[in-house]
Amino acid sequence: MWLVYILECSDGTFYTGVTNNIHHRLACHNEGNGAKYTRSRRPCTLIYFEEYPTESKARKREYAIKKLKRFQKEILVEGFSKATLQNILKSE
């Protein structure tokens, strides 16, 4: 299973990425070993994700999300269930 995810960085900006292991990827971002963008904006908090069966489909969705304006991403994130986030973060 592949995930497209959105992180909220410490400066309030959003970062969108793709992974097949969200726990490892979130740890990388917060240790400074993730994307160059997030290194100076730690800590980062997972605020949204979508699941996809293939990397290709996940990357296409990542590209679409990255093209959205900030307010459109806020609407996407606002409708996301906090319970869903808690479930994925607990399932290590």
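The values are calculated or read from the model by the stated rules, or taken from the named source; none is laboratory data. The model shown is predicted, which means the values in this text are computed figures rather than measured ones. A quick note on method: Cβ atoms are made from the backbone with ideal geometry, for glycine too, and the neighbour counts reach across all protein chains shown.
Below is a table of values for the structure above.
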{"read-out": "Test: residue in the stretch 24-40 that is touching a helix residue (DSSP H, G or I) at 6+ places or on another chain (Cβ under 6 Å) and closer than 22 Å to Ser91 by Cα", "value": "yes"}
{"read-out": "Residue within the stretch 42-57 that is free of Cβ contacts under 8 Å to residues at least 24 places away in the same chain and part of a helix (DSSP H, G or I) present", "value": "yes"}
{"read-out": "Qualifying positions in the stretch 1-28 - hydrophobic (A, V, I, L, M, F, W, C), in a helix (DSSP H, G or I) and more than 11 Å from the chain's Cα centre (by Cα)", "value": "Ala27, Cys28"}
{"read-out": "Identity of the residue in the stretch 29-59, small (Gly, Ala, Ser) and more than 13 Å from the chain's Cα centre (by Cα), that ends up farthest from Lys73 (Cα to Cα)", "value": "Gly32"}
{"read-out": "Complete set of residues in the stretch 40-55 that are surrounded by 12 or more Cβ atoms within 10 Å (Cβ to Cβ), farther than 10 Å from Tyr5 by Cα and of a type in the set (Ser, Thr, Tyr)", "value": "Thr45, Tyr52"}
{"read-out": "Residue check, Leu68 at pLDDT 95 or above and either buried (at least 16 other Cβ atoms within 10 Å of the Cβ) or outside any loop (DSSP other than H, G, I, E, B) (or both)", "value": "no"}
{"read-out": "Qualifying position, being on the phi > 0 side of the Ramachandran plot and free of Cβ contacts under 8 Å to residues at least 60 places away in the same chain, among Gly17, Gly32", "value": "Gly32"}
{"read-out": "Qualifying positions in the stretch 75-88 - in a helix (DSSP H, G or I) and surrounded by 14 or more Cβ atoms within 10 Å (Cβ to Cβ)", "value": "Leu76, Leu85, Ile88"}
{"read-out": "Condition met for Ala58 (out of contact with any Leu (no Cβ under 6 Å at 6 or more places or on another chain), surrounded by 15 or more Cβ atoms within 10 Å (Cβ to Cβ) and among the small types (Gly, Ala, Ser))", "value": "yes"}
